[in-house]
Every structure is written in C-alpha cells, then in structure tokens.
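The values are calculated or read from the model by the stated rules, or taken from the named source; none is laboratory data. Just so it is clear, the model here is predicted, and its values are computed rather than measured. Cβ atoms come from the backbone with ideal geometry, glycine included; neighbour counts cover every protein chain shown. Surface accessibility is based on the protein's heavy atoms, side chains included, excluding ligands, DNA and RNA. Shrake-Rupley method; radii C 1.70, N 1.55, O 1.52, S 1.80 Å.
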Amino acid sequence: MKLFFSILCCLSCGIVFAQEKEKTNTTGQLLVGADVKWYPAGWILGPSVAYLVSPKQVVSVGIGINLANRKDFSGLNDDEKGTGFGGHVGYRFLFNPTKSSFFLGARVDLWGLQMDWKDKVGTPQASNGTTRITVFQPTAEIGYWLKLKDNKWNLLFSGGGGAEINVKTSGKEVGQGGIWLLGVSAFYAL
C-alpha cells in the first residue's frame, strides 16, 4: 500500500511539473475534478487530476473512498459490507481531441478495505467477523467526454469492466472476481 501511494505521489508531482512546462507547450492541459463510480456492490468516490499528455492522450490519478455492500454476491458469506481508501492511475485515448468525443481507457485501482461479514445468519452456526483486504482492481472502460461550451468544464460518462483481486487478506476469505462499473466525472481545466 505504501508503494502504491509513493507511486501516486510521484505521478502527481510529475503532473504538477508538466503543468509548469505547459506555459511553453500548448498541447498539455491540467484538469482537476472528481470521479463517482457505481458498481453493483458499492460506490467509489473521490478527487481526481487529469493531464492531457498529447491532444488524444490523457493520464489521470486520484484518491478516494470505496463503499462496498456486497450482500451475498461473493458466495462465501451471507453478507459483506465494508469501506476503505485507495487510489487509481488511469489512461484514456480520445478519438477527437478538438471537441466532445468517445474514448477508450484503462485504469488500475488499489484499495485497502475493511470488510465486515456475516455467515449462516439466523442459524445456530451463525458467525461474523472482520477481514482486512488489499484489492488490486484493473479495469477497461469506454465512454464519452463532453466538452462544455466555455471549454473549461468537462463531463465524462463511462462504463467498463475488469476484476477485483484480493492480493492480501487478513481474516476469513471474502469475495473477489469480476466487476463492472458505471461512472461520471467532472473536470475543470486550469
């Protein structure tokens, strides 16, 4: 987890230094905003920064909170709920950089979650507990980048899929596997 946050800090610093360089390079632009992503077992929310590396290529970094309510989706427990913090690094390719455009992207998230689980609820064998997990979450996305008329505000609508992989588990095993997400992001160009 410390390694991930070190990488996140280095990328953020790189974006800030690249912004200084932007004064002489008209292709770069820094955008600040927030991401909201919904998936069948929860929400991911947090601030994000994007940088236009070239007219068609955008990299992003962000931090956030993951609010999970997996219910009985995992097949391992009758109920799993939890929260945790983490972040992402992402890449998007715009098909038309001069106006609103479709895009393809990829994103890697790393989350530290505390999951409260219950099993065999309402029976004499009922049990519950807490498991701490580190989740690696690679996803691919497709979406639409809407550039508003003033050219400062940008809205992104996305959908995609990938996997939640528990790379470290402390406690009883909890769910992992495929994931699909729907998202909306708002960015302001500096």
### Query
Angle between the Cα long axis of helix 2-22 and the longest principal axis of the chain, 0 to 90 degrees, nearest 10?
10 degrees
### Task
Starting from the Cα of residue 71, step 7 Å along the direction of its Cβ; do the same at residue 180; then give the gap between the two resulting points in nm.
1.6 nm
### Message
Cut-off 10 angstrom, C-alpha nodes, Gaussian network model of the chain. Which of 100, 48, 60 fluctuates the most?
### Response
100
### Query
Charges only on Cβ, +1 for Lys and Arg, -1 for Asp and Glu: so what's the dipole of the range 104-170 about the Cα centre, in debye to the nearest 20?
140 debye
### Query
Which percent of the accessible heavy-atom area of the chain goes to carbon and sulfur, probe 1.4 angstrom?
65 percent
### Query
Could you give the dipole magnitude of the range 32-128 about its Cα centre, charging the beta-carbon of Lys and Arg +1 and that of Asp and Glu -1, in debye to the nearest 20?
460 debye
### Top of 173, 80, 164 by mean-square fluctuation, Gaussian network on the chain, Cα under 10 Å
173
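Counting Lys +1, Arg +1, Asp -1, Glu -1, what net charge surrounds residue 185 among other residues with beta carbon under 12 Å of its beta carbon?
The answer is +1.
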### Query
Can you give the Rg and Dmax of the chain based on its C-alpha atoms, in angstrom?
18.6, 70
### Message
How far apart, in nanometres, would the label points at residue 91 and residue 168 be if each is projected 7 angstrom from Cα along the Cα-to-Cβ direction?
### Response
2.6 nm
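Would you mind calculating the gained length between residue 45 and residue 150 on full extension (0.36 nm times residue separation, minus the Cα-Cα distance), in nm to one decimal? Walk me through the numbers on the way to the answer.
Details: separation 105, 0.36 × 105 = 37.80 nm, distance 2.58 nm.
Answer, rounded to one decimal: 35.2 nm.
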### Task
Select from 61, 49, 121 the residue whose mean-square fluctuation is largest in a Gaussian network model of the chain (Cα-Cα springs shorter than 10 Å).
121
### Query
If you plug each phi of the range 59-72 into the Karplus form 6.51 cos²θ - 1.76 cosθ + 1.60 with θ = phi - 60°, what whole-Hz ³J(HN,Hα) values come out, in order, with x for Gly and Pro?
10, 9, 9, x, 10, x, 10, 10, 9, 9, 9, 7, 6, 10
### Query
Considering the dipole of the range 71-146 built from charges on the beta carbon (Lys and Arg +1, Asp and Glu -1) around the Cα centre, which of 83, 108, 97 is farthest to its positive end?
97
### Message
Calculate the FRET efficiency for residue 140 and residue 190 from the Cβ-Cβ distance with a Förster distance of 35 Å, rounded to the nearest 0.05.
### Response
0.80
### Charged-residue dipole, Cβ positions (Lys, Arg, Asp, Glu), the chain about Cα centre, Debye nearest 20
460 debye
### Rounded Å value of the spacing that divides the Cα centres of the range 141-168 and the range 50-78
10 Å
#### Entry: Heavy-atom accessible area per residue - the chain, 1.4 Å, Å²
53 Å²
